[in-house]
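See structure below.
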Amino acid sequence: MEVMKDSESKKLSLFYESGIYYFNDSNAVFVDPVRVLNRSYNGFKVSPSSYYPRFFESSLPNPISTVTSSPTKRKRKRKRIAKQPRSLNDRELIAVQRHQEARPLLLKGHECLLKSTALLEALRTLKNDSGCWKRECQGAQHSFIELRQEAPLLEVTLNLRLDDPDQVPNDFEDSPSVRCCEQIVLPAFNNLVANDTKVEAVAEIQNNHYIIPRESCFYMSDLGQLRNLIPAHADSGFNLIMVDPPWENASAYQKSRYPTLPNRYFLSLPIKQLTHTNGALVCLWVTNREKLRSFVERELFPAWGVSFAANFYWLKVKANGSLISDLDFFHHRPYEVLVLGYSPGKMNSSGNHSSFKPLKDDHVIISIPGDYSRKPPIADLLLDYVPGLKPPRCIELFAREMMGGWVAWGNEPLHFQDSTYFVER
């Protein structure tokens with residue numbers, strides 16, 4: 001018993017440090033995105049309370065309170081005509097089959113979480129902002145899509161911070177935007193903006209601040225300018241390519257959170273040209289719509305020259321460990337799929353492929369969802385499967401958030417880098 005407690009204590013300690021909790025005898029893991037992201041920052045940290053705006057009830061809702069309403073607010077109920085159950089079409093039947101294949105794996109992963117009482121206890125405090133940190137206040141968030149149309153020559157001021165805080169001039173100590181040794185003014189759009197230092201930088205655009213992780217860069221443009229990131233030589237390409245397309249989605253359109261694109265636009269993404277000479281692991285986020293899954297398998301991966309390798313599953317839970325919706329709810333499954341494949345490089349030899357692990361369809365990543373469309377940072381879980389040299393060169397396409405050591409491309413890669421999502425020392 002003492003050995004088990006000691007092992008659990010060590011795993012929990014590692015979780016607090018890394019943000020990743022590995023369950024015993026399982027390929028399921030729990031990820032706290034805030035802790036993972038904060039490993040890329042020193043003077044700032046991602047604010048847990050701003051990262052987790054949803055699904056953070058500490059206990060299950062009271063069934064009585066959810067069905068009882070005030071007499072003064074009762075509305076006259078319309079009589080609903082009972083709909084006759086219809087038979088599923090061929091596409092829906094395939095979707096059900098995919099779900100049934102993944103279901104045992106998802107249930108086993110969720111069971112691992114529910115049995116980890118120490119982790120469940122820790123989840124209740126994930127949203128707390130602790131320590132001597134302060135939040136910066138600033139104006140409303142910019143819409144970079146609108147800014148690019150209104151001010152295509154807009155500039156960004158990149159404030160590179162000092163490694164040694166003792167060198168900061170006394171006059172500047174209270175201002176995060178000027179605590180730096182160098183200020184660089186660059187075009188904000190259609191230009192690679194890089195923070196090559198080992199600490200975060202602060203970018204300023206029209207009086208708003210954006211926190212740029214260490215050793216990272218962004219290229220903010222529309223789809224037509226993506227080819228500017230194609231390297232001149234394949235050995236400068238990318239080994240890990242993450243793609244989170246703005247798929248056409250009624251919910252995204254309804255919420256007006258971001259513009260979407262028809263599927264045909266994604267066929268022209270230059271995945272082959274971005275691939276490193278040793279090949280690349282390509283990771284594509286998709287929803288559970290069968291039309292979309294079929295498009296990826298039959299058209300998208302073949303157009304990219306990518307061979308399918310495996311599916312990973314992102315299972316979404318609340319802070320009390322319960323799923324955000326019923327696992328078998330047909331129109332709103334509580335999980336998304338990460339489809340993985342390999343883009344071959346010019347040196348596609350067996351010796352190169354022996355340097356990384358083969359992928360299997362048995363990984364479940366569990367986390368509490370952040371804001372709408374925000375995916376968990378899972379690069380650490382993929383590194384063993386990436387071909388080529390270590391550390392790999394990494395890029396995210398259609399990024400809305402930046403990660404340390406990565407290139408972020410999209411029309412709003414600074415969306416979640418807004419300083420209102422951070423707290424400062």
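The values are calculated or read from the model by the stated rules, or taken from the named source; none is laboratory data. Just so it is clear, the model here is predicted, and its values are computed rather than measured. A quick note on method: Cβ atoms are made from the backbone with ideal geometry, for glycine too, and the neighbour counts reach across all protein chains shown. SASA here: full protein model, heavy atoms, side chains in, ligands and nucleic acids out. Shrake-Rupley method; radii C 1.70, N 1.55, O 1.52, S 1.80 Å.
Electrostatic tally near Ser216: other residues with Cβ closer than 10 Å to its Cβ, Lys and Arg +1, Asp and Glu -1, net -2.
A 1.4 Å probe run over the range 199-238, with the rest of the protein chains in place, finds 37 Å² accessible per residue. Extension gain for the segment Ser236 to Glu150, taken as residue separation times 0.36 nm less the Cα-Cα distance, is 27.5 nm to one decimal. Applying 1/(1 + (r/R0)^6) with R0 = 45 Å to the Cβ-Cβ distance of Arg227 and Asn320 gives a FRET efficiency near 0.45.
Multiplying the sequence separation of Glu121 and Phe308 by 0.36 nm and subtracting their Cα-Cα distance, what value in nm do you get? Extra length from Glu121 to Phe308 when fully extended: 63.5 nm. Taking label positions 7 Å along the Cα-Cβ direction at both Lys10 and Tyr22, the computed distance is 1.1 nm, reported to one decimal.
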